[in-house]
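Input: a single structure, listed below in structure tokens.
The values are calculated or read from the model by the stated rules, or taken from the named source; none is laboratory data. These figures come from a predicted structure and were not determined experimentally. Cβ sites come from the backbone with ideal geometry, for glycine too, and all protein chains shown count toward neighbours.
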Amino acid sequence: MRPERVHGRRRGPVPAVMAALLLLLTACGSGSRDPAPAPSPAYSGTDVMFLQMSVAYIDQGDQVVSAAARRAAGPQLRALAAELAGQWQSEGRIMRRWLAGWQQPPSADPDAGLHAGHGDLHSLRPSDIAELTAAKGEQFDRTAVSLLLGHLHNCVEVSRMEVTGGRYPPAKALAERMTATRQTQIQRLLALAA
């Protein structure tokens, strides 16, 4: 069938071609938009607690390792202190970034009692830091090793809590690495204490 001529123009397949072209352009246009962001993996209260408590322990422990890196008589203790300082700096940066991304504070409200019963046993107190500051020579090393042993044990307990109860895969993986690393460091400290 031949298309009719109307005022010197053909009528017939033109509207169909125009419709197909319009459909093609519309489809191309919608494909060029950025896709909706994928939802981020869910996190739980255990993940938040792990990060907040770990940040607090890093801040506490840093007081011991910074002093030990400068003042320890034994080179092995100085080396371990420097190693811990570097690891804590890296871990703390990651943890604070995750908490900020989740719009959670870097530390829990102390009045809320959210972390009651978790990690109180080996939290470093001002009196511990005062004792370390006053110690000299071998006594300084013994005090630093004792404080770090208790502190790292507490860090391991908090990491294990995350491994068994956390929900956010990267936080669980970090906790697993931290557990293994801290256990090795505890063994090194026990050797220094012997």
For segment 79-95, which positions are surrounded by 18 or more Cβ atoms within 10 Å (Cβ to Cβ) and more than 21 Å from residue 125 (Cβ to Cβ)?
80, 91, 95
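Okay, residues lined up against (1) under 30 Å from residue 192 (Cα atoms); (2) under 28 Å from the mean Cα position of the chain (by Cα); (3) at pLDDT below 95:
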| site | (1), (2), (3) |
| --- | --- |
| 29 | no, no, yes |
| 38 | no, yes, yes |
| 82 | yes, yes, no |
| 88 | yes, yes, no |
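In this structure, is residue 98 in contact (Cβ under 8 Å) with a residue 40 or more places away in the chain, in contact with a Phe, Trp or Tyr (Cβ under 7 Å, 6 or more places away or on another chain) and farther than 20 Å from residue 136 by Cα?
no
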Which one of these does residue 167 not meet: (1) part of a helix (DSSP H, G or I); (2) at pLDDT 95 or above?
(1)
